[in-house]
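Below: one structure, written as structure tokens.
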Amino acid sequence: MAARDTRTAIIDAAIGLFSERGFEAVSTREIARVVGIASPSIYKHFASIDDITREALRISTQRRAAPYRQVLEAGGPAAERLKAVVIAMIAGFQRDPGLVHLYQQLLAARQDAVMAQVSALWEQDMQPALIGLIAEVAPGQDAAFAYYVLFSFVLGQALFSPVHERLRPL
């Protein structure tokens, strides 16, 4: 397996294991077993389990944002694109409840520094585009405030309640 493929396999395995069992319950040995490599081989790609965790969250956040980016770049009426982003967000929670579970675990474990990194990725990647879209939909309103209200509600429902377990595919 090529180094890049192995690195990707390590991250994918880590995301799956973290989602199932939580950060504290997963070891590099388990990740290596899932990938099918010797445990010490992980350290050719990552210095520590913390590095794996950070990279897993970064990759998960990028994957999660990809459908939103597509909607934003598609063009069309702003209100329809905003609606499509919210639907894509809900669909993402439905498709990947493990990622939601992962974020819930981070919050429960008070991993504030890691959550701050995830938030920073979202804020630099998606937040400005979404605020701009809201400004198109509601000119004259405080688009940044509306963004925080709307997306705090949607994310809060997913992260602080078991609502994602009740969602059905759209």
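Observations on the structure shown:
- Checking each residue in region 79-99 for being more than 19 Å from GLU136 (Cα to Cα), open to solvent by 30 Å² or more (accessible area, probe 1.4 Å) and not polar (S, T, N, Q) picks out ILE90, ARG95, ASP96, PRO97.
- Evaluation of LEU102 against the conditions (1) surrounded by 14 or more Cβ atoms within 10 Å (Cβ to Cβ); (2) under 13 Å from the mean Cα position of the chain (by Cα); (3) without any contact (Cβ under 8 Å) to a residue 40 or more places away in the chain shows that the sole unmet condition is (3).
The values are calculated or read from the model by the stated rules, or taken from the named source; none is laboratory data. Bear in mind that the values here come from a model prediction, so they are computed numbers and not experimental data. As a convention, Cβ positions derive from the backbone with ideal geometry for all residues, glycine included, and neighbour counts pool all protein chains shown. Surface accessibility is based on the protein's heavy atoms, side chains included, excluding ligands, DNA and RNA. Shrake-Rupley method; radii C 1.70, N 1.55, O 1.52, S 1.80 Å.
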